[in-house]
Amino acid sequence: MREKLLYGLGLAAILYLVRNLYVIFLVLPDELAQGAIYRVFYFHLPGYFTAALCYLLAGIFSAMYLITRKWKWDSLAAAITEVGLPFAAMNLITGMIWGRIIWGIWWTWDPRLTSALISALIYAGYLMLRQAIPDPTERAKNSAVMAIFAFASVIFTYKSNEWFRTQHPGPVLSIRTGGGTIDPQMEWMLAHNLFALLLLAGLLLAIRWRQEERQREIESLRREALSFS
Amino acid sequence: MIEARNFTYMFYGFAAAWTVIVIYVITLVSREKKLGQEVATLKKLIAEKEQSR
Amino acid sequence: MSNPLMQGSGVMLGAQGVWRYFGDFPALRDITFEIEPGACVALLGHNGAGKTTLLKLLARLAAPQKGTIAAPPLTETGYLGHGLGLYEDLSAIENLRFWGELHGAAEEASGQWLKRVELDHVATAPVRQFSRGMRQRVALGRAFQHFPKLLVLDEPFTGLDERSVKLLQEVLREALERGSTIVLSSHQIPEVMALATRTLKLDRGRLV
Amino acid sequence: MIAAAWQIARKDLRQELRSKESLNAALSLTVVLLILFSFAFDPAAEDSKQWSGGLLWLVYSFAGALIVNRSFARELMNDCLEALRASPVPSSALFLGKAVACFLILMGVELTALPAFCIFYDVSLLGAPWTFIATLALTTWAVTVLGTMFSALTVNLHMRELMLPVLVYPMLIPPLVAAIELTRGVITGEPASEIWFRLLIGFDIIFTALAVALAEVVLTD
């Protein structure tokens, strides 16, 4: 049953993404100033939101683990952090390619870029910490604490960077600007693609979560195989 | 509909975005296999131990 | 506060349906027992049976995932684990004073303890220079000098020299006379059985 | 609670003064790095006042990593950490005591190395000494409070010396950026924005509160 649900989810995500790609390439017009390149934006921004949502949920799941001490929250936190990172990479890479064209450089130490990179580094550190702790109970507890610190510092880095000048384009979505800076058609496309990426992230999360549970099963089996001999 | 300006870089952008996801899916699948094998060997080991007891 | 004169002062000590897990693997399974005040309980069992885990729960070093543990507060507990718990760079008296302060022991207790274990002549030498037997005698003070109502000792006889074994038996007997409750695990069955009023045996995480 | 924290801090300081393990290592590392950096960046260059403050904080943060690493690691020998957990000291007091000890040790190293920095890079901090001292204290606390927390989180790892900087440095970027900007202001004589102080104070408050609140979780099984 669960298998079938996963296959169904996977198929839905792929079909949705293909449909979105069709619209992005063949239906939507070019942006006046930037030409074709602006289209990476349809992955750049939704990728960022997906990663940010993953970070947020990782913090919540970790707090839930510390409160309830139920394994499921630990596995969920681990899985969602890992799933968030490819989306963060998608965001960073498309951003760099866009920057190469529009700004003429691959990377600039702009606050927003910097904070996105720092966040990715912090969460990569979280995964490294998990790998390094052999005892499952200690691993769950310590990485949950780390996730909470990580989330606090991601928020802190992001907020403190907002105070500084930036050459990164400002908010474009009508939620933040009150409308007018972006073509509604394009904004709709962004929403569609965000939805598609979230669907994909949900699928990856489900797979990764199951793997994490199985990993723990292996650890206790190994412990059983080694003990009482 | 698509004009030629910046077209190659747009292509790079999409290719990069999808490569990342595909690589991640490949690691997921390979891990799935490894985990399955490991569970099987451990279960066999424990069953043998129970028998020899 | 603990008081050596409180003869037979009762402590609540026991476990009710206790489970403790390593991952999904239960190291302790449904442990239930009660220990009467003033008893000396020997905890027996093979390696990996869960003795250390159970002792840590009694010393409130960890909490069970299921069930409840009744034990006195930390100020009235003396715990001696596998490690000696001494700082190599500090002197014997500094070590004992530090642990004594944390446990709320009387100020002169540390000096008295060192005299008791015949180490007062090297009280100001750093522990780094001590032999293993001397360290063990200092370390006992960590658990005993504040006269706790509950003593939790994990393999206290392992690796002791002859003199320390005798000393440990003496101080354990004194503690029992004072009314303390003692729980200890051991492989050295004869040494323990001379003192123990009852035994608990663990097998694969279960009481048998 | 404060009394217990102070007992722990005093014990750590006494241990450190006896063994001088991290003091010596941190102090010699700072001096060596200051010398090495003088080859990479010319101290006689005209713009040296612009970047020498940043270099100082780079060096200090390396020294900080060495010192906080020892904080919980020194409790490993003879299982002292377990004995501390079995004692009635609240975990938050244990954590705070260790953080305070690290703070004092790191401050000691920083103040000792400061004259060398001023001489090597021809820098005077006397233009705004109080701004510098406040920056020094606030940033050192930021480094030690987060560093001590991660010292506790990584204490049982085989690779803790490697893991700790990898985990902590990314999180320390905001306070270090603030410290660099403020120090540059002191050195060049053009005061930096006050916003950096607010950042430092905010960071210290938030992360101290978080660390104290989570100390219990980290230090009990």
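See the values below:
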{"quantity": "Residue within segment D:115-123 that is surrounded by fewer than 18 Cβ atoms within 10 Å (Cβ to Cβ), away from chain C (no Cβ under 14 Å) and not in a helix (DSSP H, G or I) present", "calculated": "yes"}
{"quantity": "Selected residue [under 30 Å from C:Phe33 (Cα atoms) and at pLDDT below 90] from C:Gly104, C:Gly133, C:Gly78, C:Gly67", "calculated": "C:Gly104"}
{"quantity": "So A:Leu92, is it at pLDDT 85 or above and either more than 30 Å from D:Ala178 (Cβ to Cβ) or surrounded by fewer than 20 Cβ atoms within 10 Å (Cβ to Cβ) (or both)", "calculated": "no"}
{"quantity": "Considering residues of segment A:128-161 that are aromatic (Phe, Trp, Tyr) and facing another protein chain (nearest Cβ under 7 Å) only, the residue surrounded by the fewest Cβ atoms within 10 Å (Cβ to Cβ)", "calculated": "A:Phe156"}
{"quantity": "Residues of segment D:44-82 satisfying the condition of being in contact with a helix residue (DSSP H, G or I) (Cβ under 6 Å, 6 or more places away or on another chain) and either modelled with pLDDT under 90 or not in a helix (DSSP H, G or I) (or both)", "calculated": "D:Lys49, D:Glu75"}
{"quantity": "Residue in segment C:45-60 that is under 16 Å from the mean Cα position of the chain (by Cα) and surrounded by fewer than 21 Cβ atoms within 10 Å (Cβ to Cβ) present", "calculated": "yes"}
{"quantity": "Qualifying positions in segment D:164-200 - more than 12 Å from chain A (Cβ to nearest Cβ), surrounded by fewer than 23 Cβ atoms within 10 Å (Cβ to Cβ) and under 15 Å from the mean Cα position of the chain (by Cα)", "calculated": "D:Ile180"}
{"quantity": "Matching option when the condition is farther than 24 Å from A:Tyr158 by Cα, more than 12 Å from chain B (Cβ to nearest Cβ) and in a helix (DSSP H, G or I), among A:Leu21, A:Leu11, A:Leu53", "calculated": "A:Leu11"}
{"quantity": "Count of segment A:11-63 residues which are free of Cβ contacts under 8 Å to residues at least 40 places away in the same chain and among the β-branched types (Val, Ile, Thr)", "calculated": "4"}
{"quantity": "Candidate set from segment D:142-163 (those that are of a type in the set (Ser, Thr, Tyr) and part of a helix (DSSP H, G or I)); member that is farthest from the other protein chains (Cβ to nearest Cβ)", "calculated": "D:Thr144"}
{"quantity": "Per-region count, segment C:82-117, residues among the charged types (D, E, K, R) and within 19 Å of the chain's Cα centre (by Cα)", "calculated": "3"}
{"quantity": "Top-ranked residue in segment A:131-171 [being outside any helix (DSSP H, G or I) and touching a Phe, Trp or Tyr at 6+ places or on another chain (Cβ under 9 Å); ranked as modelled with the lowest pLDDT]", "calculated": "A:Gln167"}
{"quantity": "Test: D:Leu106 is within 15 Å of the chain's Cα centre (by Cα), part of a helix (DSSP H, G or I) and surrounded by 23 or more Cβ atoms within 10 Å (Cβ to Cβ)", "calculated": "yes"}
{"quantity": "Pair list, Cβ < 6 Å and 6+ apart or interchain, from segment A:205-220 residues that are away from chain C (no Cβ under 14 Å) to residues that are small (Gly, Ala, Ser)", "calculated": "A:Leu205/A:Ala79; A:Arg208/A:Ala79; A:Trp209/A:Ser75; A:Trp209/A:Ala79"}
{"quantity": "Condition check for C:Gly48: at pLDDT below 90 and in contact with a helix residue (DSSP H, G or I) (Cβ under 9 Å, 6 or more places away or on another chain)", "calculated": "yes"}
{"quantity": "Strands (runs of 3 or more DSSP E) within segment C:125-208 that include 2 or more residues in contact (Cβ under 8 Å) with a residue 12 or more places away in the chain and of a type in the set (S, T, N, Q)", "calculated": "C:181-185"}
{"quantity": "Options D:Ser22, D:Ser52: the member that is more than 30 Å from D:Glu190 (Cβ to Cβ) and in contact (Cβ under 8 Å) with a residue 60 or more places away in the chain", "calculated": "D:Ser22"}
{"quantity": "For D:Asp79: the one exception among (1) touching a residue at least 24 places away in the same chain (Cβ under 8 Å); (2) out of contact with any Phe, Trp or Tyr (no Cβ under 9 Å at 6 or more places or on another chain); (3) closer than 23 Å to C:Glu94 by Cα", "calculated": "(1)"}
{"quantity": "Tally, over segment D:1-57, of residues that are more than 19 Å from the chain's Cα centre (by Cα) and among the acidic types (Asp, Glu)", "calculated": "3"}
{"quantity": "Close pairs from segment B:27-53: first within 10 Å of chain A (Cβ to nearest Cβ), partner loosely packed, with under 11 Cβ neighbours inside 10 Å and not β-branched (Val, Ile, Thr), Cβ under 8 Å, at least 6 apart", "calculated": "B:Lys49/A:Ser229"}
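Conditions tested, residue by residue: (1) within 14 Å of chain C (Cβ to nearest Cβ); (2) under 24 Å from D:Thr208 (Cα atoms).
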residue	(1), (2)
D:Gly54	no, no
D:Ser61	no, yes
D:Cys80	yes, no
D:Ala83	yes, no
D:Ser87	yes, yes
D:Ala93	yes, yes
D:Ala101	yes, yes
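The values are calculated or read from the model by the stated rules, or taken from the named source; none is laboratory data. Quantities reported herein were computed from a predicted structural model and do not represent experimental measurements. Note that we place each Cβ from the backbone using ideal geometry, even for glycine, and neighbour counts take in every protein chain shown.
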